[in-house]
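Throughout, read-outs are computed from the coordinates displayed, never taken from laboratory work. All values derive from a computational prediction rather than experimental measurement. Cβ placement follows ideal geometry from the backbone for every residue including glycine, while neighbour counts extend to all protein chains displayed.
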Amino acid sequence: MLLLGHSAVAQNINPLIIGYMDIKDALVKSDSKTATTAILALQALVQSEATFPEKTALLDALKPMSKTNDLEKQRTAFADLSTTLWKVVQRVGKTDKTVYYQYCPMKKAYWLSLEKEIKNPYYGSSMLTCGKIAETH
């Protein structure tokens, strides 16, 4: 069980980040089926956890994503998920790896990455390298 409240948070945020990255990578590849599987897995992980400040917001962000197989709708809802998870990363303060908060000026939306290299989940191969690093944590 993750304890994302006050103690032992640093090592426990990593499963959330890994689950999120599975969604991001599927969206980069424009693979809505794999994205749906990853969305449902992250949703189950968040639901199973003890209460933490951003739990409801994460579930609210995942809900519309979990109810569609439409790639564009998944990508649109992904923006809310990204900004909410970034709040968790900022609050927790420490993760196993560096987390990059990246920005797509065309979509006017952010996403998280474990790599400096830009791989845009909002446009996939059509604009794969569009974006910039906004913050690093």
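Tabulated values for the structure
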quantity	calculated
Unit charges on C-beta of K, R, D, E only; dipole of region 57-134, Debye	160
Extended-chain gain in nm, criterion 0.36 nm per residue less alpha-carbon gap, S125 and T51	22.9 nm
Hull shadow area, averaged, the chain [alpha-carbon convex hull, nm²]	7.1
Cross-link pairs beyond the 28 Å C-alpha cut-off, checked among K67/K94; K67/K97; K67/K132; K29/K67; K33/K94; K73/K94	K67/K94; K67/K97; K67/K132; K33/K94; K73/K94
Lys, Arg +1 and Asp, Glu -1 on Cβ, resulting dipole of the chain about Cα centre, debye, nearest 20	220
Selected from N120, A61, L27, residue furthest toward positive end of dipole (region 1-135; charges at beta carbon)	N120
Span-rule helices in the chain, defined as complete DSSP H runs reaching 15 Å or more along the axis (Cα) with Kyte mean at least 0.5	14-28, 32-48
